[in-house]
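Presented below is the structure to which this report refers.
We did not get these values from a lab; they are worked out from the coordinates using the rules stated. Bear in mind that the values here come from a model prediction, so they are computed numbers and not experimental data. Note: ideal-geometry Cβ built from the backbone for every residue, glycine included; neighbour counts use all protein chains shown.
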Amino acid sequence: MKLTRLRLSKDASNRLRFLAGKTGLTPNLLCRIGFCLSLGEPSVPDPEAYSEEDREFNRYTLLGEYDPLFTALLRERCRDDGVATEKLPDYFRAHMNRGVLLLQQRTRSIVDIGLLAASSNRAAQRPVQSGSTASIVPNSASER
């Protein structure tokens, strides 16, 4: 994926500053968490909805040693969504922006980050047989 720098929208940048202040986490960690939240959403984000107007990140600073993992997750999601490979940078930016917005909506403090991680982990560890194929689903509505 040819992308060395990522620019967030003004709205996402403002929310990222707010989140960093409330949680004490660095912006790059918050972006990573948000990116994963966005990938978990069923809808496809629209890259046109997120302008490149504010905070800029170096891709390696943003993803660090986990760059290959995040790139693989994005490739898989884009493949599932029918998005062409040459559009990966646009969808990377869209998922980062949408993820920051989702994270800000679900977070009031650092405790909420822990609860998000715990609920995602519990949901991923509960295999449930559905007919002849196994699926991973939360056991109750409170875990979703």
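Worth pointing out:
- Reachable lysines from LYS2, criterion Cα separation under 27 angstrom, eight or more residues apart if same chain: LYS10, LYS87
- Peptides 48-57, 78-87 ranked from most to least packed give 48-57, 78-87, packing being the mean of other C-beta atoms within 10 angstrom over each peptide's residues.
- Electrostatic dipole magnitude of segment 1-118 [Cβ: Lys, Arg +1; Asp, Glu -1; Cα centre; debye, to 20]: 340
- Selection of trypsin sites (Lys or Arg not before Pro), segment 1-45, meeting DSSP coil and at most 13 other Cβ within 10 Å: LYS2
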